[in-house]
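Participant: Take a look at this one; I'll ask things after.
The values are calculated or read from the model by the stated rules, or taken from the named source; none is laboratory data. As the structure is a prediction and not an experimental result, all values here were calculated from the model. Virtual Cβ from ideal backbone geometry, glycine too; neighbours counted across all protein chains shown. Note: accessible area is taken over every heavy atom of the protein model, side chains too, but ligands, DNA and RNA are not part of it. Shrake-Rupley method; radii C 1.70, N 1.55, O 1.52, S 1.80 Å.
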Amino acid sequence: MTQSHPRISKAVIPAAGLGTRFLPATKATPKEMLPVVDKPAIQYVVEEAVGAGLTDVLMITGRNKRPLEDHFDRNYELEEALVRKGDQERLAKVQESSDLATMHYVRQGDPRGLGHAVLCAAPHVGSEPFAVLLGDDLIDPRDPLLCRMVEVQEREGGSVIALMEVDPAQIHLYGCAAVEPTGDADVVQVTNLVEKPDPGDAPSSYAIIGRYVLDPAIFAVLRETQPGRGGEIQLTDALQKLAADESIGGPVHGVVFKGRRYDTGDRGDYLRAIVRLACEREDLGPEFRNWLRSYVTEEMQGL
Ligand code: G1P
């Protein structure tokens with residue numbers, strides 16, 4: 001059933017959220033532009049899409065999101081200044097983000113939920129399977145996930161979501177999936193989905209993390225999906241309809257992720273992402289690790 005699918009090339013990145021958890025930093029700056037070490041969080045997400053072979057990126061933005069467009073565009077004035085200085089290294093860094101992928105933008109208008117944001121991508125995506133990457137979830141570049149999801153979607157058809165086992169006390173923060181095993185250890189069949197279940201109602205401790213490879217049948221389902229949890233049109237609710245009836249858009253599979261993932265929308269996790277990624281950097285890592293070691297030792301002595 002899968003051979004007829006064209007190669008997946010489009011990624012959709014919803015980026016219209018207000019970022020209230022990071023106020024006042026996000027009063028005039030989109031949360032997606034907050035730096036993780038020295039790159040804005042959103043650049044990691046675009047790089048991840050490109051790393052999985054996706055060359056066409058559509059961002060769903062909203063008001064106050066112009067800096068996102070500027071970041072992925074050329075900045076001739078800055079580039080010329082760096083050329084004049086002969087600073088090739090920084091010039092390469094500036095050009096990197098504008099050379100990554102073909103970027104497109106569409107505005108969501110009313111913030112009516114993640115499902116509605118994905119629906120805004122329908123005219124651009126057309127009738128091909130496509131990926132959705134949520135900007136708040138940063139997947140460590142050393143633990144590829146999206147590549148595996150694309151591979152599973154191309155083999156199985158239908159839709160594929162990323163799942164991660166979380167502490168049952170945390171499952172109310174996520175979409176939650178009931179699953180059955182398949183022949184592959186890291187792949188499950190999704191049988192039921194609930195968005196942010198109340199404690200005690202969760203069908204499992206498998207949380208949806210923000211990566212999806214979707215069959216375009218999701219658009220017709222989203223058009224019919226009524227507001228759910230939080231009064232918003234939920235992507236999870238539309239996926240539940242696909243999971244419950246394979247005749248709509250094929251099966252829904254989950255790839256179970258065991259790597260490093262940071263929720264950069266959460267201040268504590270955002271700091272952890274910066275520390276971890278800084279430690280691994282060749283240029284900053286050695287010195288930063290030394291400092292961190294002595295800092296932690298001092299802290300422990302103070303206990
Ligand atoms: C969204 C989805 C949720 C998913 C989560 C992953 O929720 O609705 O199903 O588990 O992203 O980060 P949000 O965190 O945007 O409220």
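Participant: What list of ³J(HN,Hα) values in whole Hz, one per residue of the stretch 222-234 in order, does the Karplus curve 6.51 cos²θ - 1.76 cosθ + 1.60 (θ = phi - 60°) give from phi, with Gly and Pro shown as x?
Facilitator: After applying 6.51 cos²θ - 1.76 cosθ + 1.60, I find 4, 4, 9, 7, 7, x, x, 3, x, x, 10, 6, 9 Hz.
Participant: Among the aspartates and glutamates, select those whose C-alpha is under 13 Å from the C-alpha of LYS85, and discard any that sit fewer than 8 residues away in the same chain.
Facilitator: Within the straight-line limit of under 13 Å, LYS85 reaches these aspartates and glutamates: GLU77.
Participant: Under 5 Å between amide H atoms, partner at least 5 residues away or on a different chain: which partners does LYS10 have, H built in plane at 1.01 Å?
Facilitator: Those lying under 5 Å, H to H, from LYS10 are ALA131.
Participant: If you roll a 1.4 Å probe over the stretch 65-189 with all protein chains in place, what percent of the accessible area is carbon or sulfur?
Facilitator: 49 percent
Participant: Could you list the square roots of 5 times each eigenvalue of the Cα gyration tensor of the stretch 167-239, that is, the equivalent ellipsoid semi-axes, sorted largest first and rounded to whole Å?
Facilitator: 20, 18, 9
Participant: Also, quick follow-up: So what J values fall out for the stretch 25-37 if you push phi through Karplus, 6.51 cos²θ - 1.76 cosθ + 1.60 with θ = phi - 60°, rounded to Hz, Gly and Pro as x?
Facilitator: 3J(HN,Hα) across the stretch 25-37, in whole Hz: 4, 9, 5, 10, 10, x, 4, 5, 8, 5, x, 10, 6.
Participant: What value in Å³ per residue do you get for the convex hull of the alpha-carbon atoms in the stretch 159-296?
Facilitator: Each residue corresponds to 146 Å³ of Cα convex hull volume.
Participant: Using a Gaussian network model of the chain with C-alpha springs under 10 Å, which one of ILE139, ILE42, ILE248 is most mobile by mean-square fluctuation?
Facilitator: ILE248
Participant: So, one more: Rounded to the nearest Å, what's the spacing between the alpha carbon centres of the stretch 279-296 and the stretch 18-43? Just the number, please.
Facilitator: 24 Å
Participant: Below 22 Å, Cα to Cα, which lysines can LYS65 reach? Residues fewer than 8 away in the same chain don't count.
Facilitator: LYS10, LYS27, LYS31, LYS39, LYS93
Participant: So what are the radius of gyration and Dmax for the Cα set of the stretch 132-183, in Å?
Facilitator: Reported Rg and Dmax, both Å: 12.7, 34.
Participant: Right, here's the next one. What fraction of the Cα pairs in the stretch 1-132, stated in percent, has a spacing above 25 angstrom?
Facilitator: That tail contains 32 percent of the Cα-Cα pairs.
Participant: Tell me the net charge near LYS27. Cut-off is 15 Å between Cβ atoms, LYS27 excluded, with +1 for each Lys or Arg and -1 for each Asp or Glu.
Facilitator: Around LYS27, the charge tally is +4.
Participant: Shifting gears a bit: Within 10 Å, count the other beta carbons around each residue, average over each peptide in 225-237, 196-208, and list them highest first.
Facilitator: 225-237, 196-208
Participant: Further question on the same structure: Using amide H atoms built in the peptide plane, which far-off residues or other-chain residues are under 5 Å from GLN234 H to H?
Facilitator: GLY115, GLY228
Participant: Quick query: amide H of GLY175 versus all other amide H atoms, modeled in the peptide plane; which residues come in under 5 Å with a sequence gap of 5 or more or a different chain?
Facilitator: LYS196, ILE208
Participant: Moving on to the next point. Radius of gyration and Dmax for the chain's Cα atoms, expressed in Å?
Facilitator: 20.1, 64
Participant: In square angstrom, what is the accessible area per residue of the chain with a 1.4 angstrom probe?
Facilitator: Computed with neighbouring chains in place, this is 50 Å² per residue.
Participant: Convex hull over the Cα atoms of the stretch 2-52, averaged projected area in nm²?
Facilitator: 4.9 nm²
Participant: Near ARG148, within a Cβ-to-Cβ distance under 13 Å, what is the net charge of the other residues, with Lys and Arg +1 and Asp and Glu -1? Mind dumping the intermediate values first?
Facilitator: Values: positive: ARG155, ARG211, LYS258; negative: GLU48, ASP143, GLU151, GLU154, GLU156, ASP184, ASP186.
Charge balance in the 13 Å sphere: -4.
Participant: Another question, then. For the stretch 141-156, just list the computed ³J(HN,Hα) in residue order, Karplus coefficients 6.51, -1.76 and 1.60, θ = phi - 60°, integers in Hz, with x standing in for Gly and Pro.
Facilitator: So the Karplus estimates, Gly and Pro as x, are x, 7, 10, x, 10, 5, 4, 5, 5, 4, 4, 5, 5, 5, 7, 9 Hz.
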